[in-house]
Amino acid sequence: MQNQILKLKNEKKAIIIAHYYQDPKIQDIADYVGDSLGMAVFAKKTDAPIAVVCGVKFMAETIKVMNPHKKILLPDPDAGCSLADSCTPAIFNYFKSKYPGAFVMTYVNSSLEIKALSDVIVTSANAVKIAQQMPKDQKIIFGPDQHLGRYVSKQAGRELILFPGNCFVHTSFSAKAMYEIKKQHPEAALIAHPECEDVILSQADFVGSTGQMLCFTQESEYKTFIVMTEAGIMHQMKKNSPNKEFIMGPDLSGCSCNECPHMKLNTLEKIHACLFAETPEVNIAPDLAEKALVPINRMMEMT
Ligand code: SF4
């Protein structure tokens, strides 16, 4: 199936862009593997007329807005994100209405409608840098992930008004089991994504976005890592540092297999079918795309 996809991809001059949380078999046939912003920026740099986005809906939508002339395909149209879906425009507008005059800083893991209601979009890699640039007396709303917001607030030394959303994948790590694994591997570095709860982050030797975590495992002198994010990232970590050991962080069920079911909806079969039929395609209403692009472009300017 991988060979058939690669043949079809070459015939159609298409590209496959995958998120770090995809199945390793998908990552291995991708032209680019990275985080959501990296995926959009990579698509922008290529002339390919078609991009298959192996990730979730908000990623495909962001890529479409930043690449309006490309045909953007999402292998499974049901690949949503419960964090993004939990923050609806009605709820977000109500939340905003309680803080008149607040600047709205929104995580890229949100729908286009929420992006369109925001002043700037941030990623887990650039949120601290952007928060630090805001005037000290400016009220700032941060949404939809409260844990990332709390981390950004501490790092940037800025008070943020946190929308109460969270990612169930990153909040399902067990602190109790994490302490046990740390005791068993005192030589290991605990690395965590800032969508994890504070009880996890406060024990981490390194906190960063998926791309930053990957760099840390390559560049640091540690030989063993306890990884507190979605299991898919382990594939690139093992590939890039074959002589190092990676231990997946334990979740509340006691299992070290913390996977995002939305991300894992994509399969090789669905990728082949969508590339063959060039559907389902992501299309965005022009006025929504125009409104959502404003805070995305502001993020690019501020970073
Ligand atoms: S890992 Fe969390 S934030 Fe990312 S797509 Fe899955 S539910 Fe959404």
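Can you pull out the residues in segment 208-253 that are in a strand (DSSP E or B), within 16 Å of the ligand (Cβ to nearest atom) and in contact (Cβ under 8 Å) with a residue 60 or more places away in the chain?
Correct list: 251 only.
For the condition within 15 Å of the ligand (Cβ to nearest atom) and farther than 24 Å from residue 34 by Cα, what is the one hit in 81, 87?
87
As an exercise: evaluate residue 169 against (1) open to solvent by 30 Å² or more (accessible area, probe 1.4 Å); (2) within 16 Å of the ligand (Cβ to nearest atom) and give the number of the one condition it does not meet.
(1)
Considering segment 145-171 alone, what residues qualify as being farther than 17 Å from residue 132 by Cβ, in a helix (DSSP H, G or I) and touching a Cys at 6+ places or on another chain (Cβ under 9 Å)?
Of everything in segment 145-171, those that are farther than 17 Å from residue 132 by Cβ, in a helix (DSSP H, G or I) and touching a Cys at 6+ places or on another chain (Cβ under 9 Å) turn out to be 147, 170, 171.
Given the criterion buried (at least 18 other Cβ atoms within 10 Å of the Cβ) and over 19 Å from residue 257 (Cβ atoms), identify the matching residue among 190, 201.
Only one candidate passes the filter, namely 201.
Looking at segment 261-300 only, could you name the residues that are of a type in the set (D, E, K, R) and within 16 Å of the ligand (Cβ to nearest atom)?
Once the filter is applied, which keeps residues that are of a type in the set (D, E, K, R) and within 16 Å of the ligand (Cβ to nearest atom), segment 261-300 yields only 264.
Of the residues that sit in segment 113-138 and are open to solvent by 60 Å² or more (accessible area, probe 1.4 Å) and under 18 Å from residue 298 (Cα atoms), which one is nearest to the ligand (Cβ to nearest atom)?
Only one residue fits best here, namely 113.
Any residue at all in segment 94-103 that is at pLDDT 95 or above and closer than 28 Å to residue 215 by Cα?
Looking through segment 94-103, none of the residues is at pLDDT 95 or above and closer than 28 Å to residue 215 by Cα.
Report yes if some residue within segment 34-44 is more than 16 Å from the ligand (Cβ to nearest atom), open to solvent by 30 Å² or more (accessible area, probe 1.4 Å) and β-branched (Val, Ile, Thr); otherwise report no.
Yes, because at least one residue in segment 34-44 is more than 16 Å from the ligand (Cβ to nearest atom), open to solvent by 30 Å² or more (accessible area, probe 1.4 Å) and β-branched (Val, Ile, Thr).
If I filter segment 54-78 down to residues being within 15 Å of the ligand (Cβ to nearest atom) and among the charged types (D, E, K, R), which single residue comes out as most open to solvent (accessible area, probe 1.4 Å)?
For segment 54-78, the residue satisfying everything is 78.
Within the set of pairs 6 or more residues apart or between chains, which connect a residue that is at negative phi and at pLDDT 95 or above inside segment 185-203 to a residue that is buried (at least 24 other Cβ atoms within 10 Å of the Cβ) and polar (S, T, N, Q) with Cβ atoms less than 6 Å apart?
Qualifying pairs under 6 Å: 193/229; 194/124.
The values are calculated or read from the model by the stated rules, or taken from the named source; none is laboratory data. Quick caveat: nothing in here was measured; it's all calculated off a predicted structure. Don't worry about glycine lacking a Cβ; one is built from the backbone with ideal geometry, like all the others, and counts go over all protein chains shown. Each accessible area value is taken on the protein alone, full model and side chains, heavy atoms only, with ligands, DNA and RNA left out. Shrake-Rupley method; radii C 1.70, N 1.55, O 1.52, S 1.80 Å.
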